[in-house]
1. How many residues are part of a strand (DSSP E or B) and within 9 Å of another protein chain (Cβ to nearest Cβ) when one looks only at region B:27-57?
2. For residue A:56, state whether it is more than 19 Å from residue A:110 (Cα to Cα) and modelled with pLDDT of 95 or more.
3. Given the conditions (1) modelled with pLDDT of 95 or more; (2) in a loop (DSSP other than H, G, I, E, B); (3) more than 14 Å from every other protein chain (Cβ to nearest Cβ), and given that residue B:63 satisfies all but one, which numbered condition is not satisfied?
4. Among the residues of region B:66-107, which ones are surrounded by fewer than 16 Cβ atoms within 10 Å (Cβ to Cβ) and over 11 Å from the mean Cα position of the chain (by Cα)?
5. What's the number of the only condition in (1) farther than 25 Å from residue B:94 by Cβ; (2) at pLDDT below 95 that residue A:41 fails to meet?
6. Quick check: anything in region B:5-26 within 11 Å of chain A (Cβ to nearest Cβ), touching a strand residue (DSSP E or B) at 6+ places or on another chain (Cβ under 9 Å) and either surrounded by fewer than 16 Cβ atoms within 10 Å (Cβ to Cβ) or under 23 Å from residue A:111 (Cβ atoms) (or both)?
C-alpha cells in the first residue's frame with residue numbers, strides 16, 4: 001500500500017508564497033509520476049501539475065503556470081508544490097496523488113488546506 | 001480543455017434501489033488508439049476522493065461489485081445496482097487522456 005501525507009498548508013495573504021510537501025511511503029511507487037490536484041471549498045476537483053520520476057516530464061494547468069512549480073526529491077520520497085503570487089481563488093484543499101498510471105490516480109493523500117485571504 | 005458533464009447533479013435514491021450517473025466528454029477519450037482514460041471517483045463526506053472504476057469499466061480492488069462502469073466514445077455511465085447507506089457522497093467522472101485532465105462537476109448521491 002502507498003500512503004501520501006501532505007503538509008505545509010495554511011493562511012497566506014494575496015501575493016504571498018507557500019510550499020506544500022507530500023511524503024510518500026511504500027517503495028513500489030517511489031519513482032513513478034506524482035501530481036497535485038486541488039478542490040476549492042464546495043467545488044469540484046482541478047488538476048494542477050504532474051511530474052515524472054526523473055523530473056523531466058512536467059506539466060501545469062494554465063491557471064497556475066508561471067506561478068506554481070512542482071518538484072520532487074526521490075531520496076526523500078517527497079513531492080513539493082512551490083506556490084507564488086497566490087490569489088484568493090487559489091484557496092482550496094490540495095491533494096497529492098500517484099499511481100501506476102498517473103492518468104488514473106489510485107492513491108490520494110488526505111489533503112492540506114490553503115487559504116488565501118487578506 | 002475537455003469538458004466533462006454529468007447528470008444528474010443530485011440523485012436522491014431509496015436504499016436497495018439502483019442508481020445511474022451519466023458522464024459525457026466534449027471530445028473522444030481514446031489515447032494512442034488503445035486506452036480510454038475514463039475513471040470514476042467517490043468522495044464521501046469529509047474524505048479524499050477514492051477511485052472506483054478505471055479505464056471505463058475496470059473495478060478497483062475492494063470496490064463492491066454493485067458498482068459497474070460502461071460506455072464508449074463520449075458517453076459513459078456509472079451504475080450502482082443496489083444503493084447502500086455507505087454509498088452516500090459525491091461521484092466524479094474524470095478524463096486522463098487530454099491535458100489538462102479534467103473532472104466532471106460531480107453527482108451528489110443521497111438517501112431519500
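1. Residues that pass the stated criteria total 9.
2. Criteria met by residue A:56.
3. Every condition holds for residue B:63 apart from (3).
4. Within region B:66-107, B:66, B:72, B:73, B:75, B:81, B:82, B:84, B:85, B:86, B:88, B:99 qualify.
5. Of everything listed in (1) farther than 25 Å from residue B:94 by Cβ; (2) at pLDDT below 95, residue A:41 misses just condition (1).
6. Yes - at least one qualifying residue is present in region B:5-26.
Condition check ((1) touching a residue at least 40 places away in the same chain (Cβ under 8 Å); (2) under 16 Å from residue A:101 (Cα atoms)) across all residues:
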residue: B:28; (1), (2): yes, no
residue: B:35; (1), (2): yes, yes
residue: B:51; (1), (2): no, yes
residue: B:58; (1), (2): no, yes
residue: B:67; (1), (2): no, no
residue: B:71; (1), (2): yes, no
residue: B:77; (1), (2): yes, no
residue: B:85; (1), (2): yes, no
residue: B:99; (1), (2): no, yes
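The values are calculated or read from the model by the stated rules, or taken from the named source; none is laboratory data. This is a predicted model, so every value here is computed, not measured. Heads up, the Cβs are rebuilt from the backbone with ideal geometry, glycines too, and the neighbour counts pull from every protein chain shown.
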